[in-house]
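Here the structure comes first, spelled out in structure tokens, and everything after it is commentary.
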């Protein structure tokens, strides 16, 4: 997907929104120019063309290509912004949304160079509770939230730093009077149990995996997390991009495990995509015959398909009279070749009846936009009050009738 160019689709139907014809034509030209620039690896030029196309007629394909080219240029934050705009469009499929969400996570977690300095130099650097060197310090950290602390003598300080999109971070500390006479600033550390003393374990699990966990303000790692702690009460916070902060208090007891199931809620503007109802529109026709020899049947059908259910109307000839069927069908399974059952109401000239049917559905094709199904069907039709000729000219009498049809239908499914 990340190398998607959308060429065929774009040239056939891109920018088919209700915009002025001139705007659509100009948008197509700009999009084609962007593709040509992509082939020359002129990423910035391609972005400019795609942006002009999107300004004329907004379209998710243009947004996706802008995001991809920003990623190629190493401008990951700009890429993420355009991927988010792509997700905000209503025409993206659920599968594409999932893939783009994975891309966004990978971009945010890209490693970045972190430089830690202090005045004076030579301060001890502790990152998420792990001694990492002394100032001036330079290292690589993957995306996430970190607590970077420095200490020299009795002088201490710390800052929370968020690493995102591979962007370098510079953290500078000023430790005036670093020495015995300096009043230390508050320093929070996860109180690991001393050797030989009773301890407990805190386990933090939940969603999203990889969220940052802090305990009493000190970075402890990412979910899922198991950490030994001295007995006591702790404030546990879980943070992740796109989620509202989650915070709770937990008590760790000696020789016991305390389990926290963290479920941060999506922040406003970063709502997770809900399930998409796959609605398809049916159009087709079919024919067959009464197995008892009463005549031919031929019907035209239109309706909708949602999951494994069809609701449709059929119009055609049965018993040499016009019939209108209103049907519900249920397919038992999601395989390409699966049985189905159905029932409905059937109206014929001066009468009505009921239809009970069953058969096999073969999904010949299942495209994202277009599909085709072959329906092989048999069942039972019962009519009452049907008018038939029986007597002098112009006279009719009420009669009952039934049909046991054997028929086949070919349906086109458009989503």
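Read the figures in this text as sums done on the coordinates, not as results from a lab. As the structure is a computational prediction, the values presented were derived from the model and not from experiment. When we count neighbours, we look across all protein chains shown, and the Cβ atoms used for this are built from the backbone with ideal geometry, even at glycine.
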Chain lengthening between residue 253 and residue 209 when straightened (0.36 nm per residue, less Cα-Cα)
13.3 nm
Using the count of nearby Cβ atoms within 10 Å as a rough guide to exposure, how do 362, 82 rank from fewest to most?
362, 82
When 101, 174, 59 are arranged by how many other beta-carbons sit within 10 Å of their Cβ, fewest first, they go 174, 101, 59
Tell me, what is the FRET efficiency for residue 130 and residue 29 to the nearest 0.05, using R0 = 45 angstrom and their Cβ-Cβ distance as r?
0.25
Pair residue 36, residue 174: separation of 7 Å Cα→Cβ label points (nm)
5.6 nm
How much of the DSSP bridge set in region 200-262 is antiparallel, in percent, rounded to the nearest 5?
75 percent
A correct fewest-to-most ranking of 265, 201 by other Cβ atoms within 10 Å would be 265, 201
Tell me the label-point distance for the pair residue 289, residue 304, using the 7 Å Cα-to-Cβ offset, in nm and rounded to one decimal.
3.8 nm
Per 0.36 nm of contour for each residue apart, how much would the distance between residue 138 and residue 22 grow if the chain were fully extended, relative to their Cα-Cα spacing?
36.3 nm
On each of the three principal axes the extent of the alpha-carbon atoms of region 112-174, given in whole Å and largest first, is 35, 18, 16
Report the FRET efficiency, 1/(1 + (r/R0)^6), for residue 317 and residue 369, where r is their Cβ-Cβ distance and R0 is 35 Å, rounded to 0.05.
0.60
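For a quick protection proxy, order the peptides 33-43, 107-117 by their average other-Cβ count within 10 Å, most packed first.
Packing proxy ranking, top to bottom: 107-117, 33-43.
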Shape of region 200-262, Cα gyration tensor, a/c cut at 1.5:
prolate
Per 10 Å bin, what is the whole-percent P(r) computed from every C-alpha pair distance within region 65-153?
16, 34, 20, 19, 10, 2
